[in-house]
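Here the structure is laid out as structure tokens; the discussion comes afterwards.
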Amino acid sequence: MKKSEIMYGLHAVESLLKQSPERVLELWLLQGRDDDRLHKVIKLAQNFGITLQRASRKVLDDKAQSHQHQGVVVRVKPAKALVEKDLDLLLEKTEQPFLLILDGVTDPHNLGACLRNADAAGVHGIIIPKDNSVSITSTVSKVACGAAEVVPVFQVTNLARTMRHIQQQGVWILGTAGEADSDIYHADMKGSLAIAMGAEGKGLRRLTREACDSLISIPMAGTVSSLNVSVATGICLFEAVRQRSESR
């Protein structure tokens, strides 16, 4: 396991300081930048006794290996990896869990955007396979705008087996597939629910698809055959939010 990793971006670093300030080892700020957004980060860091260092844009670019750091870069202890037993603890303490399963999402920008959608929709956790999937990287955290620090992501060894396990805990799994007969607007998305999304183009893998209780599709009126996975995820999650809010 890596001893440290780099994170960057105002939202991601601000969320990290609010949620897990003990992980911060070093924090660098852009020389000459002085505005309200940066002041929030500075105040949070000072509240936790974190030393601030000023650095040139080139130094920050090099540390982040990106130009998208927005003037703030941190070196942090890696977050504790969440696995199957952590998922069991979540299910035990959560009434009517609302989960997102991502199968084969390898683009960090897509995972970051899905995390953002999940946070906004009130998802309790995201399940991804350890293999054939991107993990939480600095790019994912930057795109997620703070959601990577608050939405639990569970990396599991065998996705299909984990799906069968959560079904035994009373979670209904809806998988998305373009050829499904039923669409999201006619599906029951209330109660304990997991929505399974596949990577754009490939969709759900066969074993993942077979582990779902039911398959649903997003109605498509135009000539485009599929949507970006983060867009499709947002549509499905917020249809579930609509249904679940109406049932209360």
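One line per residue, one yes/no per condition, for (1) under 30 Å from Asn132 (Cα atoms); (2) free of Cβ contacts under 8 Å to residues at least 24 places away in the same chain; (3) in contact with a helix residue (DSSP H, G or I) (Cβ under 8 Å, 6 or more places away or on another chain):
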position	(1), (2), (3)
Lys3	yes, no, no
Leu10	yes, no, yes
Gly32	no, yes, no
Gln46	no, yes, no
Ile50	no, no, yes
Gln53	no, no, no
Ala64	yes, no, yes
Ala81	yes, no, no
Original post:
Of all residues in region 190-216 being among the small types (Gly, Ala, Ser) and farther than 22 Å from Pro97 by Cα, which is modelled with the lowest pLDDT?
Top reply: Gly201
Original post:
Within region 223-242, is even one residue over 21 Å from the mean Cα position of the chain (by Cα) and not hydroxyl-bearing (Ser, Thr, Tyr)?
Top reply: yes
Original post:
Tally time: how many residues in region 139-172 are under 20 Å from Pro108 (Cα atoms) and basic (Lys, Arg)?
Top reply: 1
**OP:** Could you please let me know if Asp36 is at pLDDT below 95 and among the charged types (D, E, K, R)?
**Re:** yes
**OP:** Exactly one condition in (1) modelled with pLDDT under 95; (2) within 14 Å of Leu100 (Cα to Cα) is not met by Gly175; state its number.
**Re:** (1)
Original post:
Could you list, in sequence order, the residues of region 124-135 that are out of contact with any helix residue (DSSP H, G or I) (no Cβ under 6 Å at 6 or more places or on another chain), more than 24 Å from Arg23 (Cα to Cα) and either part of a helix (DSSP H, G or I) or open to solvent by less than 30 Å² (accessible area, probe 1.4 Å) (or both)?
Top reply: Ser133
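The values are calculated or read from the model by the stated rules, or taken from the named source; none is laboratory data. These numbers were taken from a predicted model, which means no experiment stands behind them. Ideal geometry is used to build each Cβ from the backbone, glycine not excepted, and the neighbour counts take in all protein chains shown. Just the protein is used for accessible areas: all its heavy atoms, side chains included, with ligands, DNA and RNA removed. Shrake-Rupley method; radii C 1.70, N 1.55, O 1.52, S 1.80 Å.
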